[in-house]
Amino acid sequence: MMHAIKGMRDLLPPETALWRRLEDQAREVFRLYGFGEIRTPVLESTELFSRAVGAETDIVGKEMFTFQDRDDSSLSLRPEATASVVRAYVEHRLWERPGLTRLYYQGPMFRRERPQKGRYRQFSQIGAEVLGSGEPVVDYELLEMLSLLVARCGLRAELRLNSIGCPADRGRYHQALRAALEPVIGGMCADCQRRMHTNPLRILDCKVPGDQPIIAALPAIEEFLDAPCREHFAELRRLLDAGGIAYELAPRLVRGLDYYNRTAFEFVSSALGAQNALLGGGRYDGLARALGAPASPAGIDQAIGFALGEDRWILAMQADAGAAGQEPLDACVIPVGAAMTARALSVARQVRAAGFAAIVGDGARKLGKQLEMAAREGARFAVLVGEQEAAQGRLILRDLAAGEQREIPAVQLAEHLAPAREVAR
RNA sequence: GUGGGUGUAGCUCAGCUGGCAGAGCGCUGGAUUGUGGCUCCAGAAGUCGAGGGUUCAAAUCCCUCCACCCACCCCA
């Protein structure tokens with residue numbers, strides 16, 4: 001049998017209704033905060049990602065779907081979208097448009113990892129970026145917007161927040177970490193011994209119980225922030241407190257992409273498995289410059305953004321909100337006898353023209369079977385199109401939940417269906 | 001890339017001290033003509049993940065492979 005390839009899957013009803021609910025909510029929340037939509041290609045030059053995300057990162061180093069095009073150029077399916085958004089920002093000189101650049105996107109991303117719960121090779125992200133300002137208030141509004149989205153989707157999620165400083169701060173922090181680890185690294189797990197050389201920050205993320213006492217004693221990055229970074233973080237925290245946005249300081253929170261600096265955050269959910277990050281993001285000042293933006297005017301390459309994993313978000317919605325996603329069906333139009341089929345189809349057109357969702361039964365089947373089907377499909381009303389009533393231009397409208405029915409003039413059908421809408425909302 | 005778990009009907013799974021392939025749900029039909037949800041009856045549907053081995057006999061024991069899931073890693 002043909003099968004979807006590893007790590008890629010079909011999304012089916014009723015779950016797809018949940019996806020649409022998330023995407024509708026996200027679009028609405030983004031609209032409230034003045035964001036516009038950007039759609040970028042799924043395929044980009046491999047170089048874009050090695051320059052933006054970092055050639056040494058796992059994502060670029062071993063997780064991209066990369067291939068040689070016929071002209072020998074190297075192309076990759078995008079593993080994330082920030083790089084593309086910033087490329088577009090630079091390519092179209094979006095900073096020359098009035099105001100800050102506020103963009104959101106939605107679409108599939110690709111990483112060739114081993115699949116597990118909440119992690120697939122093709123997955124969907126929704127993200128947003130604010131480019132053109134480094135002010136803490138921008139960071140604040142982004143986080144406020146995200147907590148609104150979390151609330152609107154009925155999720156229980158916790159905001160974890162950190163500042164990872166600027167590159168110079170991290171350089172000093174790296175040195176201090178290495179110095180502190182030198183005497184004790186021999187007693188740590190094999191992964192940490194490897195990370196010591198590849199990416200010492202990741203040691204902070206280690207989950208091996210035996211390593212925890214050592215990790216707890218390591219210096220925190222906070223001590224190494226320079227004055228501007230320190231002040232930026234302090235101001236953001238003041239704004240969060242004033243805005244009533246709850247968060248937990250996460251001094252060990254690091255981000256896996258090279259471009260992040262200063263503000264780093266994620267929303268985690270306990271409803272997920274090991275992959276518990278619903279969304280992650282942070283500030284990435286300087287990335288636009290690295291991708292070719294000019295040096296002036298000042299601030300054009302300052303930016304912050306986030307990406308949320310839709311696949312994980314849906315898992316959390318199913319767990320937290322118990323959401324099943326079933327779309328309400330207003331009416332099932334039932335031809336009583338095959339001879340009534342054409343008339344039933346016409347009635348269904350009339351119902352749909354009035355904005356109600358309707359399906360049509362199979363007139364070849366017995367009335368009882370058709371009613372059974374209508375009930376199972378979750379229809380609010382059954383509309384019986386029978387020969388006797390049809391002759392007088394009338395229909396039978398049956399309320400399936402109440403088990404009551406009455407005969408009505410066919411022309412009044414739409415107004416009698418109105419209660420169906422109230423139930424749906 | 002590494003480790004563990006699981007593969008039996010459309011779905012969820014039982015059967016695994018070798019002996020005729022099962023249940024629940026779902027699906028189709030019926031319980032007399034144009035009235036559903038409950039109930040009852042009947043039916044369709046499986047090369048038991050694939051290949052090999054042991055045996056009179058393998059879903060069951062052994063080997064190899066494959067797929068999926070979970071975890072590590074990494075990240076959204």
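The values are calculated or read from the model by the stated rules, or taken from the named source; none is laboratory data. In this text the structure is predicted, and so the values were computed from the model without any measurement. No Cβ is skipped: glycine too gets one built from the backbone with ideal geometry, and neighbour counts run over all protein chains shown.
Give the number of residues within the stretch A:60-74 that are surrounded by 18 or more Cβ atoms within 10 Å (Cβ to Cβ) and outside any loop (DSSP other than H, G, I, E, B). Within the stretch A:60-74, residues that are surrounded by 18 or more Cβ atoms within 10 Å (Cβ to Cβ) and outside any loop (DSSP other than H, G, I, E, B) number 1. For the stretch A:2-24, the criterion of being in a strand (DSSP E or B) and either within 16 Å of RNA strand B (Cβ to nearest atom) or without any contact (Cβ under 8 Å) to a residue 12 or more places away in the chain (or both) is satisfied by no residue at all.
Among the conditions (1) of a type outside the set (Asp, Glu); (2) surrounded by 17 or more Cβ atoms within 10 Å (Cβ to Cβ); (3) part of a helix (DSSP H, G or I), A:GLN212 misses just one, which is (2). Comparison of A:GLY325, A:GLY256, A:GLY273 shows that the only residue that is at pLDDT below 95, more than 10 Å from RNA strand B (Cβ to nearest atom) and either more than 30 Å from A:ARG237 (Cα to Cα) or outside the structural domain of A:GLU387 (by TED's automatic domain parsing) (or both) is A:GLY325.
Annotation note: of A:GLY299, A:GLY273, A:GLY305, the sole residue that is among the small types (Gly, Ala, Ser), in contact (Cβ under 8 Å) with a residue 40 or more places away in the chain and out of contact with any strand residue (DSSP E or B) (no Cβ under 9 Å at 6 or more places or on another chain) is A:GLY299. In the stretch A:182-202 there is at least one residue that is surrounded by 13 or more Cβ atoms within 10 Å (Cβ to Cβ) and away from RNA strand B (no atom under 14 Å from the Cβ). Which condition does A:SER124 not pass, out of (1) among the small types (Gly, Ala, Ser); (2) within 13 Å of RNA strand B (Cβ to nearest atom); (3) over 30 Å from A:GLU44 (Cα atoms); (4) buried (at least 19 other Cβ atoms within 10 Å of the Cβ), if it passes all the others? Answer for A:SER124: the failing condition is (3).
Against the conditions (1) near RNA strand B (Cβ under 8 Å from one of its atoms); (2) closer than 16 Å to A:ASP330 by Cβ; (3) outside any helix (DSSP H, G or I), A:ILE408 satisfies every one except (1).
Residues in the stretch A:114-128 that are farther than 19 Å from A:THR16 by Cα and either among the aromatic types (Phe, Trp, Tyr) or part of a loop (DSSP other than H, G, I, E, B) (or both): A:ARG114, A:PRO115.
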